[in-house]
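Notes for the one structure printed next.
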Amino acid sequence: MSKRIVFFNHKGGVSKTTTAYNLGWKLSERHRVLLVDADPQCNLTSLVIDGFDDYYINDRTKNQNLKDAVEVAFKGRPEPIKAIDCYSPPRNDQLFIVPGHQNLSEYEASLTFAITSNNAISTLENLPGAFNAFIKEVENKYRIDYTIIDLNPGLTSINQNMVLASDYLIVPTNPDPFSIMALDTLSRVLPRWADWLKQSAPLFSGSSYPFDKEPPKLIGSVVQRFNVRKGRAASPYRDNIQDIKRKISNDLKPALSRCSMALEDNIYGEPLINNGLCLSEIPDFHGLLPKALDAGVPVFALSHAEINETGTVLDGMMAKRDQFNDLFSELANQVIRLTE
C-alpha cells in the first residue's frame, strides 16, 4: 500500500516543488514513486517532463493529467474515475508523475460547495473523494510505494482535500519572518481541516468515492534556500532557522497532536524532537541548479560531463553535488524511518 506524503505550506517561495522533486527522485532509488502535481502553475511537471509544452497539445498525452482525470466526477458523467498513463523520465523508470493542469482551479467552487454542504446536495456527493479515488487508481496501476503530492501556496478547498487525502505531511519553510508567521496560520487551519474530516467525511461514505482517510501525520519540516558561510547557515538565516524550529516544537506540533495529526514522540525519536522536527536544512543550489535543469535530473544526479566545467570549478561543483546527495539521502532515510 502506497504511503502518501504531501508538501504543504500556504507561504510561497519555500522551494517545496524542488524538494518534492529531489526527495521523490532519491526515494525512487529504492522504491517506486509517484509525483502528483496539484499546483496549477505545474512547476513540478515542468521539472519532470521533457517536452513540457508539447505534452499539453499532443493528442496522445494532452488529457493525461490531474484535471482531466477527475473531470468525470466534477461534470457528473456516468463513468468511473480511471488511472491515466503516467510519464516516467528517461533516466528514472522508478519515478512516475501525474501532471498538473493550469485550469485545475476551475473545480475550486464546486469542491467548496461539496465540502460545506455536508452532503445536503446529492449531485456533489462524489466530489470530496474524487481526487483520493483517482490517486489510488494510479497507485494500484503502477504498484507505487510512495506518493508525493505538491500543492500551491493557498488555503483552498483543493489543497484541503489533497492534504486530507494524504498519510503524512511535510512543511517546507525558508528562513525568513514570513515562514514563521505562516506556521501560526497552519497551527490554526490544519486542526480545522482535521475536524471537518472527522465530522463530515462519514456523510460521504455512501458516495461512489468515499473519503475513507484519517488525518495525515506531521513528519516534520524542511528548511531551504539559504546561503552557507564557513560550513553553516549565514547570519541572519541562523536565527530564523532556530525560530522556525522553536515555533514548530512549541506551537505547530502541539496543535496537531491534539487533533491526531502528529506521530508519537517515540517514533520521531529524541534527536529529531531536539532539532525541532527539522528533517533537513538544504542550502541554495546556486550554479548547480541551471545545469540540473538542462540535464533534466536533480542536482545530486549530475554527471561530470553535465557539470561541464574544468579544474577547480569542476572540483568545487562536484563536492557540492556530493554534499546535496548526502543531504537528500539522509532526508529519504528519515522519511522511510518515520513512515515505516
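The values are calculated or read from the model by the stated rules, or taken from the named source; none is laboratory data. Values in this document were obtained by computation on a predicted structure and should not be read as measured data. Positions of Cβ are generated from backbone atoms using ideal geometry, with glycine treated the same way; all protein chains shown enter the neighbour counts.
Assorted remarks:
- Residue match in region 272-285 (condition: closer than 25 Å to residue 180 by Cβ, more than 21 Å from the chain's Cα centre (by Cα) and of a type outside the set (Val, Ile, Thr)): yes
- Applying the set (1) in contact (Cβ under 8 Å) with a residue 40 or more places away in the chain; (2) out of contact with any Pro (no Cβ under 7 Å at 6 or more places or on another chain); (3) polar (S, T, N, Q) to residue 250 leaves exactly one unmet item: (1).
- Qualifying residue in region 88-99 (condition: modelled with pLDDT of 95 or more, farther than 15 Å from residue 158 by Cα, among the hydroxyl-bearing types (Ser, Thr, Tyr) and in contact with a Pro (Cβ under 7 Å, 6 or more places away or on another chain)): no
- Note on region 136-155: residues that are part of a loop (DSSP other than H, G, I, E, B), modelled with pLDDT of 95 or more and either touching a strand residue (DSSP E or B) at 6+ places or on another chain (Cβ under 6 Å) or farther than 16 Å from residue 335 by Cα (or both) total 2.
- Helices (runs of 4 or more DSSP H) within region 1-114 that include 2 or more residues in contact (Cβ under 8 Å) with a residue 24 or more places away in the chain: 16-27, 43-48, 66-69, 71-74
- Taking the criterion of being over 16 Å from residue 215 (Cβ atoms) and outside any helix (DSSP H, G or I), the residues of region 115-135 that qualify are 118, 119, 120, 121, 125, 126, 127.
- Flag if residue 172 is of a type outside the set (D, E, K, R) and touching an Asp or Glu at 6+ places or on another chain (Cβ under 9 Å): no
- Filter result (buried (at least 24 other Cβ atoms within 10 Å of the Cβ) and among the small types (Gly, Ala, Ser)) within region 1-45: 20, 24, 38
- Set 153, 191: member being closer than 20 Å to residue 100 by Cβ and surrounded by fewer than 19 Cβ atoms within 10 Å (Cβ to Cβ): 153
- Those helices (runs of 4 or more DSSP H) of region 259-340 in which 3 or more residues are on the phi < 0 side of the Ramachandran plot, modelled with pLDDT of 95 or more and touching a strand residue (DSSP E or B) at 6+ places or on another chain (Cβ under 6 Å) occupy 311-339.
- Qualifying residue in region 163-174 (condition: crowded, with 23+ Cβ neighbours inside 10 Å, at pLDDT 95 or above and of a type outside the set (A, V, I, L, M, F, W, C)): yes
- Single match in 241, 273, 307 (criterion: crowded, with 20+ Cβ neighbours inside 10 Å, closer than 29 Å to residue 186 by Cβ and β-branched (Val, Ile, Thr)): 241
- Between 80, 99, the distinction of being surrounded by fewer than 18 Cβ atoms within 10 Å (Cβ to Cβ), within 22 Å of residue 165 (Cα to Cα) and of a type outside the set (Asp, Glu) belongs to 80 only.
- Against the test of being within 22 Å of residue 151 (Cα to Cα), more than 19 Å from the chain's Cα centre (by Cα) and not small (Gly, Ala, Ser), the options 59, 68 yield a single qualifying residue, 68.
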